[in-house]
1. Counting only residues that are assigned to a helix (DSSP H, G or I) and not β-branched (Val, Ile, Thr), which one in the range 118-127 is most open to solvent (accessible area, probe 1.4 Å)?
2. When the residues of the range 72-104 are narrowed to those that are in contact (Cβ under 8 Å) with a residue 40 or more places away in the chain and surrounded by fewer than 19 Cβ atoms within 10 Å (Cβ to Cβ), which ends up nearest to GLY126 (Cα to Cα)?
3. Quick check on ALA47: is it part of a helix (DSSP H, G or I) and among the small types (Gly, Ala, Ser)?
4. How about the range 34-44: which of its residues are closer than 14 Å to PHE95 by Cβ and assigned to a helix (DSSP H, G or I)?
5. Could you list, in sequence order, the residues of the range 105-117 that are assigned to a helix (DSSP H, G or I) and surrounded by fewer than 20 Cβ atoms within 10 Å (Cβ to Cβ)?
6. Let me confirm something: among GLY61, GLY72, which residue is closer than 20 Å to GLY20 by Cβ and part of a helix (DSSP H, G or I)?
7. Taking the range 88-115, which residues are closer than 13 Å to LEU49 by Cβ and not β-branched (Val, Ile, Thr)?
8. Filter the range 29-39 for residues that are closer than 11 Å to PHE123 by Cα and either buried (at least 19 other Cβ atoms within 10 Å of the Cβ) or acidic (Asp, Glu) (or both) and give the result.
Amino acid sequence: MTVLALDRELERLEGLWADGLSDSYRSYLEAVAGHGPAAQPKLALAAALIEVGLRLQGLGGRAAPPPTLLMGDLCLARASRLLADAAGQSLQVAFAQAIETLAAAAASGQQARPVRELLVHAFAAGR
């Protein structure tokens, strides 16, 4: 994915890119190596957006203030769109299950595995 294409995907998320989304994106590039070359940047970006979106929403902690909560929603919506575009059904389901696991643990007050660990596992399970 070129810088220009990334810019289009991150149109309203510029501040987040500088605030750690870019680092998260780069860290997922290694995890997507087993997927098609054209899909890899989109999949890495989707995972990074999910990680950042969940953090912004305050999953498992205090609810975020409305503007931050909405930015987290935007991250998750963009990630969903990227997955629908670049991933097969098995990978989409693996991501949904990872998010469900995190949400269920948060709702019950239990400690879940780290987001990154669950998403990297989803990449492997969804192949």
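1. Here is the first cut: in the range 118-127, the residues assigned to a helix (DSSP H, G or I) are 118-125.
In the following step, the residues that additionally are not β-branched (Val, Ile, Thr) were identified as 118-119, 121-125.
Numbers: LEU118: 17, LEU119: 1, HIS121: 108, ALA122: 2, PHE123: 1, ALA124: 59, ALA125: 64 Å².
Looking at the filtered set, the residue picked out is HIS121.
2. ASP85
3. Numbers: part of a helix (DSSP H, G or I): yes; among the small types (Gly, Ala, Ser): yes.
So ALA47 fits the description; yes.
4. Step one: filter the range 34-44 for residues closer than 14 Å to PHE95 by Cβ, giving 35, 39, 42-44.
Across the range 34-44, the qualifying residues are LYS42, LEU43, ALA44.
5. The initial filter retains those residues of the range 105-117 that are assigned to a helix (DSSP H, G or I), namely 105-108, 115-117.
Selection gives ALA105, ALA106, ALA107, SER108, ARG116, GLU117.
6. Details: GLY61 fails: part of a helix (DSSP H, G or I).
None of the other options fit; the residue is GLY72.
7. Matches in the range 88-115: PHE95 only.
8. GLU30, ALA31, VAL32, HIS35
The values are calculated or read from the model by the stated rules, or taken from the named source; none is laboratory data. None of the values given here were measured: they were computed from a predicted structure. Using ideal geometry, Cβ is built from the backbone for each residue, glycine included, and neighbour counts are taken over all protein chains shown. Surface accessibility is based on the protein's heavy atoms, side chains included, excluding ligands, DNA and RNA. Shrake-Rupley method; radii C 1.70, N 1.55, O 1.52, S 1.80 Å.
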